[in-house]
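Notes for the one structure printed next.
The values are calculated or read from the model by the stated rules, or taken from the named source; none is laboratory data. Here the structure is a predicted model, which means the values were calculated and not measured. Virtual Cβ from ideal backbone geometry, glycine too; neighbours counted across all protein chains shown. In case anyone asks, the SASA skips ligands and DNA or RNA and just uses the protein heavy atoms, side chains included. Shrake-Rupley method; radii C 1.70, N 1.55, O 1.52, S 1.80 Å.
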Amino acid sequence: MEYANHLSEYAPAPSEAQVAEEVARIRAAAKGYETDGVYRLCYSAIDLTTLSCSDSVESVTAFARKAVEFYTNYPAIANVASICIYPPFVETVGLAVDDTPMRITSVAGGFPSSQTFLEVKMLETAMAVENGADEIDIVINVGKMLEGHYDEVANEVEVLRGEAGEDVVLKVILETGALKTPELIRRAALLAMFAGADFVKTSTGKIDVAATPEAAVVMCRAIRDYYDKTGRMVGFKPAGGVRSAADAVLYYTVVREILGERWLTPQFFRIGASSVANALLSAIVGEPVKYY
């Protein structure tokens, strides 16, 4: 399908100076949202993540069990939204979280580089879903995006959308640190949404530049523009480098200021991280906590 020709229907991205000005305004506003209620919401929006080369059935099982024990240990605090792992561990997590509301997110489609055959990406996505993944996180083909092959980028997302199925949440990672310019980030976000993404996500956390408030502003403006034209709400997920409670609140504020309160639920706002869980939990209970 042709997608690139629809990009011209949307206003261009803001300039870097305009983005910087908006980020400065949002940073100032964020100070007013460092509250218990916001910390709790941000905690409930976390996709608790382990994506390490040293992951094993044993380590992932222990990780997932900690998340399950949270329901008993902190019954007054809403638990994280999901556990995010590599595809071979979907069944492992499924066994650990059985009989709980915990959702399972699997990266797929050649994560983190997206540099493999489309057929491999399709099979990996389909197998993760078959094994029990509720949500799939894929990465756009950044190389094709940088070369301007926009229809190829979007068509690949469309194919993987089909493999995941309509009942599965599809989050599309733009790897914004590699795209660099506001206009390229805007185009990537729009292409992902055109092709059926339920969320657009900043980063894999596997390259030097991960989530930034500047990229978040551009992406959320694209989500707003897309919603204004189509009426379809698409979620936003910062990931990579989100470590402190203040970091989480900053991204909460970006969403609140640009998209509004309707987006501030785990259905449309997620945070990809693990270390930030301890930071937010510490802020909620009022003392240092190292739970994960």
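Answer yes or no as to whether ALA96 is under 29 Å from GLY37 (Cβ atoms), in contact with a helix residue (DSSP H, G or I) (Cβ under 8 Å, 6 or more places away or on another chain) and at pLDDT 95 or above. Criteria not met by ALA96.
Could you tell me whether the stretch 27-49 includes any residue that is acidic (Asp, Glu), in contact (Cβ under 8 Å) with a residue 60 or more places away in the chain and more than 29 Å from LEU146 (Cβ to Cβ)? Within the stretch 27-49 (the criterion being acidic (Asp, Glu), in contact (Cβ under 8 Å) with a residue 60 or more places away in the chain and more than 29 Å from LEU146 (Cβ to Cβ)), the answer is yes, since at least one residue qualifies. With respect to GLY205, determine if the residue is closer than 24 Å to MET122 by Cα and assigned to a loop (DSSP other than H, G, I, E, B). It is true that GLY205 is closer than 24 Å to MET122 by Cα and assigned to a loop (DSSP other than H, G, I, E, B). Residues that are within 17 Å of the chain's Cα centre (by Cα), of a type in the set (A, V, I, L, M) and open to solvent by 10 Å² or more (accessible area, probe 1.4 Å) within the stretch 145-173 comprise VAL168, VAL169, listed in sequence order.
Listed here are the residues, each with its yes/no results for (1) in a helix (DSSP H, G or I); (2) without any contact (Cβ under 8 Å) to a residue 24 or more places away in the chain; (3) in contact with a strand residue (DSSP E or B) (Cβ under 8 Å, 6 or more places away or on another chain).
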| site | (1), (2), (3) |
| --- | --- |
| SER59 | yes, yes, no |
| THR92 | yes, no, yes |
| MET122 | yes, no, no |
| LEU146 | yes, no, no |
| LEU160 | yes, no, yes |
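Considering ALA211, ALA178, ALA215, ALA222, the condition of being within 17 Å of SER114 (Cα to Cα) and either modelled with pLDDT of 95 or more or in a loop (DSSP other than H, G, I, E, B) (or both) is satisfied by ALA178 alone. Is it true that VAL142 is open to solvent by 20 Å² or more (accessible area, probe 1.4 Å) and under 15 Å from the mean Cα position of the chain (by Cα)? Answer is no for this residue.
Residues that are surrounded by fewer than 16 Cβ atoms within 10 Å (Cβ to Cβ), free of Cβ contacts under 8 Å to residues at least 40 places away in the same chain and of a type in the set (Asp, Glu) do occur in the stretch 208-215.
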